[in-house]
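Peer 1: Dropping the structure in here first, questions after.
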Amino acid sequence: MRISRYFTDLMATYVADINDFKTDSGGEDVLADRLKEKRSQIQDLMPMMATNPEMMAIVFHKSVVIKKSESIMSYLDKEPAMFPKWDAISSSVQFQPWATSIVEKLKVEAGGEHFLLTTVMLEHLYALYEVSEDAIEEMETEESDDLAESGGEWLSEHGFDSH
């Protein structure tokens, strides 16, 4: 599947930001605390919706549930000018209860609908990225003489054509 330049560029920064949020300098897991702090700053972050959406989207990390992946993924190769209205895809997505009032507020802001779709896509892509990272770690720990064969088997098991 093709990924637009828009999502490709944002995803690299999004992954890096989340990785930076995960642990402190001592290696302790501080993701929940840092997300809570970032969420308290949402009003200050709103001007970033148009210029740096990935920096604001992190406030929704781990709060998005995709109910209909195929409808969301159909926009993966699109640039923001081709995004639908939020109402066209909102039934495919569910946010954690704490986030719903923020979503309602954002969708009426200028650029808010595009931001919400961007956020949903980044979270969905990040979930896929996490699965891929876990799979790579799993493959690395397997005792196999042929890592390529092992990777091909994993891809086939998960519905991908490995050729």
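Peer 1: Provide the gained length on full extension for the span GLN43 to SER74, in nm with one decimal, where the gain is 0.36 nm per separating residue minus the Cα-Cα distance.
Peer 2: Contour length minus the Cα-Cα distance gives 8.1 nm.
Peer 1: Quick one: 3J(HN,Hα) in Hz for segment 81-86, Karplus 6.51/-1.76/1.60 with θ = phi - 60°, rounded, Gly and Pro as x.
Peer 2: Couplings: 4, 9, 5, x, 5, 4 Hz.
Peer 1: Continuing with the same structure: Need one word for segment 49-90: rounded, prolate or oblate. Basis is the Cα gyration tensor (sqrt eigenvalues a ≥ b ≥ c); a/c below 1.5 gives rounded, then a/b vs b/c decides.
Peer 2: Details: a/c = 1.94, a/b = 1.15, b/c = 1.68.
Oblate, since a/c reaches 1.5 and b/c is not below a/b.
Peer 1: Right, here's the next one. Which residues does a label at ALA50 reach in segment 73-103, if reach means a backbone N under 17 Å from a point 7 Å past the Cα toward the Cβ?
Peer 2: Under 17 Å, as judged by backbone N against the label point of ALA50, lie 80-83 of segment 73-103.
Since every read-out is calculated from the coordinates, none of them should be taken as a lab result. Everything numeric here is computed off the predicted structure, so don't read it as measured data. Cβ: placed from backbone, ideal geometry, glycine included. Neighbour counts: every protein chain shown.
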